[in-house]
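Bear in mind that the values in this text are calculations on the coordinates, not laboratory data. Quick caveat, the model's predicted, so the values are computed rather than measured. Here the Cβ is made from the backbone with ideal geometry for all residues, glycine too, and neighbour counts use every protein chain on show.
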Amino acid sequence: MSPYPRPRWLVTGASGMLGRELTSLLVRRGAAVTALGRGALDLTNDAAVRSALARHRPAVVVNCAAWTAVDAAESEPSRAMAVNGDGPRHLAQACRALGAVLLQLSTDYVFAGSAGRPYREDDPTGPRTVYGCTKRAGERAVLDILPEAGYVVRTAWLYGAGGPNFVATMIRLEAEQDTVPVVDDQHGQPTWTADLADRLAALGSAALAGTAPAGIYHATNTGGTTWYMLARETFRLLGADPGRVRPTTSLALARPATRPGYSVLDQPRWREAGLEPLRNWHTALAEAFPTLCEAVGRPVPRLR
């Protein structure tokens, strides 16, 4: 047993899909972790944030809390900014006072979504939605306030057993509808929360050890696909006919907030920091599938 005390982790947004996954993983690995959901810590309240960090004194803070209602943000920009922009700024200021590391979760929506190649961490941003603008504001606050201890981790298309997500919806709809229309003109990377949590834990540990430089990291399961192709793969894993998934366009399913047409993320900084990036999305989805089926009450299929 180590004679040194275990570094304490604090996870905000701990009642969400990723926050629950990360907290569970840290506990299984024997970490000292404080998990605070929205009811326990309001990130928009600067005094509450400072008080919570002074009380728990974490070495690493992982901010999984966010306003993720992309369409609603278009009509409620101030509320989205309070959570996605002001919240990270409050956390960064409190971390600076405490000498703590901050891992701030961000999104592919900070990019315009019109690139012809995967976006690198140092590519210019250009969000086209209120949600993307508020998340970019949070990024800037963390990087400006914590130039040596602030880590922005951009991810996308999350799925897992701990909350609503696209894959779970497709598993449910396969049993309810003969055909399912899904957009085929949005390209991205399905990312399993278990894989992302593992990399967040690795990055936080490397940050404490001084082996991973601060800054921006992209964290998605590698490869790229469309929502339509992801839905077809979900049907295939269920043992259902993928032909029941029908392609459609973003225009046909118009929504208040514009979705990125192309937001595949490249992630060279992991290897530069001596860490492995996330694995391919096909492999991750296949491993996650039994848990996803169980979470929505479907029998786990046995593929031939």
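Here is how the numbers come out for the structure above:
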item	result
Interchain or long-range residues, amide H under 5 Å from S106's placed H	V153, R154, T155
3J(HN,Hα) from dihedral phi, region 57-72, Karplus parametrisation 6.51/-1.76/1.60, rounded to Hz, x for glycine, proline	6, x, 8, 10, 10, 10, 8, 9, 7, 6, 7, 10, 7, 4, 6, 5
Cubic angstrom per residue, convex hull over Cα atoms of region 146-248	111
Under 5 Å, built H, 5+ apart or other chain: amide partners of R8	A59, V60
Rounded to 10°, Cα long-axis angle of helix 87-98 versus longest principal axis of the chain	30
Spin-label model distance (nm) - E287 vs N45, 7 Å beyond Cα toward Cβ	4.0
Rounded to 10°, Cα long-axis angle of helix 46-56 versus longest principal axis of the chain	80
Among beta bridges that DSSP assigns inside the chain, antiparallel share in %, nearest 5	5
Scattering curve values for region 42-94, log₁₀ I(q)/I(0), Debye with Cα scatterers, q = 0.13, 0.26, 0.29, 0.31 Å⁻¹	-0.33, -0.97, -1.12, -1.21
Amide H contacts under 5 Å for V182, placed H, 5+ residues apart	R246, T248
Space enclosed by the convex hull of the alpha-carbon atoms of the chain, per residue, Å³	140
Sum of -39500 (n - 2.57) over DSSP H runs of 4+, divided by residues of the chain (222 nm, nearest 500)	-12000 deg cm²/dmol
Note, ³J(HN,Hα) from phi for region 249-260, Karplus 6.51, -1.76, 1.60, rounded to Hz, x at Gly and Pro	10, 4, 5, 5, 10, 4, 10, x, 9, 5, 8, x
From phi via Karplus (6.51, -1.76, 1.60), per-residue ³J(HN,Hα) for region 217-227 in Hz, x at Gly/Pro	10, 9, 9, 10, 4, 6, x, x, 7, 10, 4
